[in-house]
Amino acid sequence: MNALDGKKILDFTHVQSGPTCTQLLAWLGADVIKVERPGVGDATRKQLVDVPGADSLYFTMLNHNKRSITVNTKSETGKEVLTRLVEKCDVLVENFAPGALDRMGFGWERIQEINPRMVMASVKGFGPGKYEDCKVYENVAQCAGGSASTTGFPDDVPMVTGAQIGDSGTGLLLALGIVAALLQREKTGRGQRVLAPMQDGVINLCRVKLRDQQRLAAGPLEEYSQFGKGIPFGKATPRAANDSGGGQPGRILKCKGWETDPDAYTYFITQAAVWPKICDLIGKPEWKTDPEYATPPARLPRLDEIFDEIQNWTMTKTKFEVMEECNPLDIPVGPILSMKEIAEDRGLRETGTIVEVDHPERGRYLSVGCPVKLSDCHVEVKRSPLLGEHTAEILSEFLGFSELDLDRIYDSGAVGDRPARAR
């Protein structure tokens, strides 16, 4: 038995933020029913296609372990099917533009009438306020949430990060909200609305930069590189390049082979507790007692010099050799792993963090697995559904429509053509 066995999720999500949420719920055992338009489906099915005639990796990697039903929600018969789905499910998840569900005739008030126990969860770009009707994508969320203004080098333009903190990050937060709402429902018997704005999610992940915004009132941020370079601080948290976000200074340093390998780098943190070991490692034992280097405050204006010396040492080692020598000494380091190295990492495959999945149209492909590991919840990553693949079984087995009803529903065109059997 898995953690969310028995929970039925009505998945009205598309693209990335919502599907990230519902996929996590599916991995943890929920029965996720993805509702798609007949003949069209989620837009990402046909975005960035790499295998002609097959669903894209964009779609497959965000929709594992789900079932797909196609419904024309604008038709009366489609609304009948949707009403039955709302009656039978525990959670409705959507990331439509604001007001879309109301125009469909299934706003929150109507949902409550049909099923008072329903949890209705939404991803929006912004929370209530002047921007709540604005359309938001990943990079917009990163910019509006403070990430871009604090990412990059101080003398260059703001930068977005390759990690999808706006879309996938918010989807993960929404999943937490859904689970909390289901737990509360056990006490109250009532459903509720769960909202996860993308801007809010990014701000939450940028909390250390909001911390630094307040610290500026007390003076320069001395652990930032620009302090040691004598560059004045402005009124807002600056871009900090590859400085550590914590109280322990850290930098990305070159390793052996950096001239030809763009990922031959390591992240090196000069943690105060292991400073004497670092000094011995890089051949600077005198720094252990020199008053200009012996204490963290004394080192702050000299970080450029210190990291240059550390880099002189790391450049004689591969990034993995740096790990092998530093880890036994408790010196915090980490290799800059490329996506190719991550894809080929045997350990990540053994833990299910990276998985291989078979698909009837595209063959075998690589994907991410469940990032949360529960000791009593085994996650088997199953392929994403074909468009409308489970329409017939959901209508008959889950919703209980009779054969006569099925004929009527299919004849109306409300759920598309009768699908081929699942492969």
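For segment 164-180, the criterion of a residue being open to solvent by 80 Å² or more (accessible area, probe 1.4 Å) and either among the basic types (Lys, Arg) or within 26 Å of ASP304 (Cβ to Cβ) (or both) is satisfied by no position. Scanning segment 383-419 for residues that are without any contact (Cβ under 8 Å) to a residue 24 or more places away in the chain, hydrophobic (A, V, I, L, M, F, W, C) and open to solvent by 20 Å² or more (accessible area, probe 1.4 Å) yields a single hit, LEU404.
Annotation note: of GLY107, GLY127, GLY145, GLY99, the sole residue that is in contact with a Pro (Cβ under 6 Å, 6 or more places away or on another chain) and not charged (D, E, K, R) is GLY127. Just a yes or no: is a residue in segment 87-94 of a type in the set (Asp, Glu) and touching a Phe, Trp or Tyr at 6+ places or on another chain (Cβ under 8 Å)? Yes: segment 87-94 contains one or more residues that are of a type in the set (Asp, Glu) and touching a Phe, Trp or Tyr at 6+ places or on another chain (Cβ under 8 Å). Evaluate segment 70-80: report whether one residue or more is touching a helix residue (DSSP H, G or I) at 6+ places or on another chain (Cβ under 9 Å), within 26 Å of THR188 (Cα to Cα) and open to solvent by 10 Å² or more (accessible area, probe 1.4 Å). Within segment 70-80, none of the residues are touching a helix residue (DSSP H, G or I) at 6+ places or on another chain (Cβ under 9 Å), within 26 Å of THR188 (Cα to Cα) and open to solvent by 10 Å² or more (accessible area, probe 1.4 Å). Check segment 242-254 and report whether any residue there is open to solvent by 40 Å² or more (accessible area, probe 1.4 Å) and hydroxyl-bearing (Ser, Thr, Tyr). No - not one qualifying residue is present in segment 242-254. Give the residues of segment 352-382 that are among the polar types (S, T, N, Q) and open to solvent by 80 Å² or more (accessible area, probe 1.4 Å), sorted by residue number. Hit for segment 352-382 is SER375, nothing else. Residues in segment 326-351 that are exposed (fewer than 15 other Cβ atoms within 10 Å of the Cβ) and either in a helix (DSSP H, G or I) or touching a helix residue (DSSP H, G or I) at 6+ places or on another chain (Cβ under 8 Å) (or both): ASN327, PRO328, LEU329, ASP330, MET339, LYS340, GLU341, ILE342, ALA343, ARG346, GLY347, GLU350. It is to be established whether one or more residues within segment 325-341 are hydrophobic (A, V, I, L, M, F, W, C) and under 25 Å from ASP5 (Cβ atoms). Checked segment 325-341: no residue is hydrophobic (A, V, I, L, M, F, W, C) and under 25 Å from ASP5 (Cβ atoms).
Restricted to segment 215-229, and to residues there that are open to solvent by less than 60 Å² (accessible area, probe 1.4 Å) and small (Gly, Ala, Ser), the residue that is modelled with the highest pLDDT is GLY219. Checking each residue in segment 56-104 for being at pLDDT below 95 and closer than 19 Å to VAL123 by Cα picks out ASN95, PHE96, ALA97, PRO98, GLY99, ALA100, LEU101, ASP102, ARG103, MET104.
Of the residues making up segment 102-137, those that are under 24 Å from ILE69 (Cα atoms), surrounded by fewer than 21 Cβ atoms within 10 Å (Cβ to Cβ) and touching a residue at least 12 places away in the same chain (Cβ under 8 Å) number 9. Residue count for segment 81-92, restricted to those that are touching a residue at least 60 places away in the same chain (Cβ under 8 Å) and open to solvent by less than 50 Å² (accessible area, probe 1.4 Å): 7. Just to be sure before I move on: is VAL202 of a type in the set (A, V, I, L, M), open to solvent by less than 30 Å² (accessible area, probe 1.4 Å), more than 19 Å from ALA148 (Cβ to Cβ) and touching a residue at least 24 places away in the same chain (Cβ under 8 Å) in the structure I sent? In short, no. Could you look through segment 283-309, keep only residues that are among the basic types (Lys, Arg) and closer than 16 Å to PHE227 by Cβ, and pick out the one that is most open to solvent (accessible area, probe 1.4 Å)? Among those that are among the basic types (Lys, Arg) and closer than 16 Å to PHE227 by Cβ, it is ARG302. Considering the conditions (1) more than 30 Å from LYS229 (Cβ to Cβ); (2) among the polar types (S, T, N, Q); (3) without any contact (Cβ under 8 Å) to a residue 60 or more places away in the chain, ASN95 is excluded by exactly one of them, (3). One residue alone among GLY29, GLY53 is surrounded by fewer than 23 Cβ atoms within 10 Å (Cβ to Cβ), within 22 Å of VAL357 (Cα to Cα), touching a Lys or Arg at 6+ places or on another chain (Cβ under 8 Å) and of a type in the set (Gly, Ala, Ser), and that residue is GLY29.
Considering (1) assigned to a helix (DSSP H, G or I); (2) in contact with a Cys (Cβ under 7 Å, 6 or more places away or on another chain); (3) not acidic (Asp, Glu), the lone condition that GLY146 does not fulfil carries the number (1).
Taking the numbered list (1) in contact with a helix residue (DSSP H, G or I) (Cβ under 7 Å, 6 or more places away or on another chain); (2) of a type outside the set (Gly, Ala, Ser); (3) under 27 Å from VAL157 (Cβ atoms); (4) in contact (Cβ under 8 Å) with a residue 40 or more places away in the chain in turn, ILE252 passes all entries but (1). When ALA43, ALA54, ALA26 are screened for being among the small types (Gly, Ala, Ser) and free of Cβ contacts under 8 Å to residues at least 40 places away in the same chain, only ALA43 passes.
The values are calculated or read from the model by the stated rules, or taken from the named source; none is laboratory data. If you're wondering where the values come from, they're calculated on a predicted model, not measured in any experiment. Backbone-built Cβ (ideal geometry, glycine too); neighbour counts: all protein chains shown. Just the protein is used for accessible areas: all its heavy atoms, side chains included, with ligands, DNA and RNA removed. Shrake-Rupley method; radii C 1.70, N 1.55, O 1.52, S 1.80 Å.
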